[in-house]
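Quick notes on the structure that follows.
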Amino acid sequence: MHNHDILRWFILLCGIAFAAVVIRLLLRQRINTRNSVSWLLGTTAILIISANPDWIDRLADLLGIAYPPTLLFLLSTLVLLVVVLYQSIQISILNEKMRQLAQHVALTDQERSAETRTESNHAAQHEA
């Protein structure tokens with residue numbers, strides 16, 4: 001078995017293990033369906049590339065990249081940047097929703113306090 005074949009099997013096993021982890025997280029409801037689809041698509045891409053490593057060589061050649069693994073690092077970096085950007089957007093949306101919810105709860109508490117004071121004042125006036 002050549003080193004190239006060992007690497008191919010290693011990448012294949014990593015892809016299968018990662019897919020199993022994503023499916024397990026989905027079944028335990030630790031990750032939502034929308035995110036799991038993205039991760040499973042990424043895993044599928046890893047599995048396809050591991051089964052066809054010549055594709056990276058050809059694509060690197062087409063793009064004028066002399067050392068094909070550099071293309072993998074470039075693509076990996078771009079994917080990570082997209083993931084971080086997406087997560088940042090999601091965090092911003094959740095922060096805004098949390099701010100709105102906190103304001104709603106504060107207003108509701110204030111209204112309840114005002115109602116309680118009004119009821120106490122009415123009760124005190126009727127007793128007097």
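Brief remarks on what is shown
- Selection from region 1-58 of residues that are of a type in the set (K, R) and either on the phi > 0 side of the Ramachandran plot or touching a residue at least 12 places away in the same chain (Cβ under 8 Å) (or both): R8
- In region 31-53, the residue that is nearest to the chain's Cα centre (by Cα) out of those that are more than 21 Å from R8 (Cα to Cα) and surrounded by 12 or more Cβ atoms within 10 Å (Cβ to Cβ) is N35.
- Of the candidates R58, R8, the single residue that is surrounded by 15 or more Cβ atoms within 10 Å (Cβ to Cβ), basic (K, R) and over 22 Å from Y86 (Cα atoms) is R8.
- Selected residue (only one of T33, T108, T77, T116 is hydroxyl-bearing (S, T, Y) and assigned by TED's automatic domain parsing to the domain that holds F18): T33
- Filter result for I23 (in a helix (DSSP H, G or I), under 16 Å from the mean Cα position of the chain (by Cα) and either more than 18 Å from Y86 (Cβ to Cβ) or not assigned by TED's automatic domain parsing to the domain that holds Y86 (or both)): yes
- Counted residues, region 16-54 - those being touching a Ser or Thr at 6+ places or on another chain (Cβ under 8 Å), farther than 22 Å from L75 by Cβ and β-branched (V, I, T): 1
- Checklist (1) assigned to a helix (DSSP H, G or I); (2) more than 14 Å from I11 (Cβ to Cβ) applied to I65, failing item: (1)
The values are calculated or read from the model by the stated rules, or taken from the named source; none is laboratory data. Quick caveat, the model's predicted, so the values are computed rather than measured. Ideal geometry is used to build each Cβ from the backbone, glycine not excepted, and the neighbour counts take in all protein chains shown.
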